[in-house]
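In what follows, a structure is listed as structure tokens, so that the remarks can point back to it.
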Amino acid sequence: MKLESFLAKPAINVSIRTILAILGGYSLSAALSLLLASFAGLDGRESEVFIRMIFFISYTVTIIWTFSVNSERKIITQMCLLNVLLWLAVLLTGEA
């Protein structure tokens, strides 16, 4: 069985996107929340609320975005690239 025909099955397609949305979306949202919180300049409780609010919004948008793209390769590439860039930015700002 070729890889192309294996990935063409709807159940496999949905499974890949679900795993990508859950794991990749969580990682992306965490990195984005930490990065934005480092630039917000908030302290204590305000910072916690800000991080949680940004995380919730970005995680929801990421899940919707994962299922809205037509190509599996395109969404995998975009998700991996965004995760690498955001986590690199978090590490460079020293917030990790």
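Taking every residue in the range 55-70 that is among the aromatic types (F, W, Y) and pairing it with any residue that is crowded, with 17+ Cβ neighbours inside 10 Å and assigned to a helix (DSSP H, G or I), at least 6 positions away or on another chain, the pairs with Cβ-Cβ distances below 6 Å are F55/S29; F55/S33; Y59/G25; Y59/S29; F67/R17. As a summary of the residue check, N70 satisfies the conditions (1) assigned to a helix (DSSP H, G or I); (2) more than 14 Å from the chain's Cα centre (by Cα) except for the one numbered (1). In the range 21-52, what residues are aromatic (F, W, Y) and either on the phi > 0 side of the Ramachandran plot or loosely packed, with under 14 Cβ neighbours inside 10 Å (or both)? Residue satisfying the conditions is F39 alone.
Just so you know, all these numbers are worked out from the coordinates, no wet-lab data involved. Keep in mind the model is a prediction, meaning the values are calculated, not measured. Cβ: placed from backbone, ideal geometry, glycine included. Neighbour counts: every protein chain shown.
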